[in-house]
Amino acid sequence: MSNKQSPLIFKHIEDSRENMIRFMADIIRVPAIGPTSGGEGEQEKANVIEKKLVDYGFKHIRHFDAPDNRLKSKIRPNIQVTLKGKSSGPRVVLITHMDVVAPGATSEWESDPFQLLEKDGKLFGRGTEDNGQSLTASIFALKVFIDLNIQPAADIVLFFVSEEEETNEKGIQHLIDKNLIQKSDLILVPDHGEPTGRLIDIVEKTILWVKVSITGKQCHASIPDLGKNAFRASMQFGTMVDNALHEKFNIHDAGFDYPLSSFEPTKREPRESGINVLPGEEVFYFDCRLLPVYQTQEILDEMKTIARTVEDKTGTTIRIEPVFIEETTNPTPPGAKIVKALSDAIYKVTKKQAILGGIGGGTCGAVLRKAGFEVAVWETIENRAHTPNEYAVIDNMISDCKVFAQLFLTQNP
């Protein structure tokens, strides 16, 4: 097959605009929130996606579900869709995720987070940008081959995975453990990018999630000498950690979209306590994203040193517990086949020269690199993921769909 077919393919994608929006609406109305955030997982969304795939004419659909007894369904679904090629040459593989984060305070949303709103060329809703835009674009990029009766030279594979917003254990790691991904594959994870659509991620920061548990002694707030205020200790600890980590680990690397390491207090566990009660327990978390030059143990040691200081001052007990670590390993070589093929596809569609860099981490790409796979992470987004009023730009979705389709032509003479 010749790249002379690109214009026909691109026109078909443009004509699919309304169908892509309808597909997005159907998947966004299913929350697909993981159990760590109190949800019931991805099974219902997986059912919606699979029905659509069958309706679109896809024939080779397989399930590789991982067990999870925390859910009513008892599983975390993972779907593989294959369009068979003419030969057994290297496959092109796209991996997107079905799960989304919780919407947060609905009062901060201008519309229902789980009802798609089309406005000003944008699609609003939880999961539209992360990862609905690329999930939709990948399906319609492959659907065009079916619609136009084009058989690729080699297999094209789409994976829709679970648990990306949590630990990846029951999603991409489950697929790796089952040997479903091959070292010869050209692997793209379209789950991060920037507005120009030029940045191809070839390395991600180390992720360190830390749980901080502070134990004091509860008492009436009017006689605080009888207690040990865990809330006050948490404020002192948090402030000292914030200052110390940013001052000590301050190397600047312009190769990353955010050029510094980050140390953000995020989740705080609720506690039952009245205004007139001095709290005896406090639990909260840090999300740390480290440039590759730093090691997680350096951060943990600094936190523990500060914890000892705060314990001495407040009489509380502070426990520092890493709950998730994903180290930076095996950056994708700039000359990798997937990087060259993707760069060529981006230029073919957008006339833009791709640039290589790094991101904060957290995609399936980091897990794949750790396992020794060469991976590119790329899409065109406004970086609205995890925010109220999350949105995807429709034109970005259409353009990225064309890039995916052009990438699928890579293995064809």
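For the chain, find the longest principal axis of its Cα atoms and tell me its angle to the long axis of helix 133-147, 0 to 90°, nearest 10.
Approximately 20 degrees, to the nearest 10.
Can you give the angle from 0 to 90° between the axis of helix 296-314 and the longest principal axis of the chain, with both taken from C-alpha atoms, to the nearest 10?
Around 30 degrees separate the two axes.
Taking the beta-carbon count within 10 Å as an exposure proxy, list 400, 395, 55 from fewest neighbours to most.
Going from least to most buried by this count: 55, 395, 400.
Any aspartates and glutamates with Cα under 18 Å of the residue 370 Cα? List them, leaving off those in the same chain fewer than 8 positions away.
163, 164, 165, 166, 169, 177, 185, 191, 201, 204, 326, 327
Return one number: the angle in degrees, 0 to 90 and rounded to the nearest 10, between the long axis of the Cα atoms of helix 337-350 and the longest principal axis of the Cα atoms of the chain.
So the inclination is approximately 70 degrees.
Report the residue, chosen from 365, 274, 34, that carries the largest GNM mean-square fluctuation when the chain is represented by alpha-carbon nodes joined by springs under 10 Å.
274
Of 96, 410, 128, how do they rank once you tally other Cβ atoms within 10 Å and put the fewest first?
Least crowded to most crowded, the residues run 410, 96, 128.
Kindly put 52, 11 in sequence by how many other C-beta atoms sit within 10 Å of each C-beta, fewest to most.
11, 52
Every number in this text was worked out from the coordinates using simple rules, so none of it is lab data. Keep in mind it's a predicted model, so treat the numbers as computed, not measured. With ideal geometry, Cβ positions are generated from the backbone for all residues, glycine too; neighbour counts draw on all protein chains shown.
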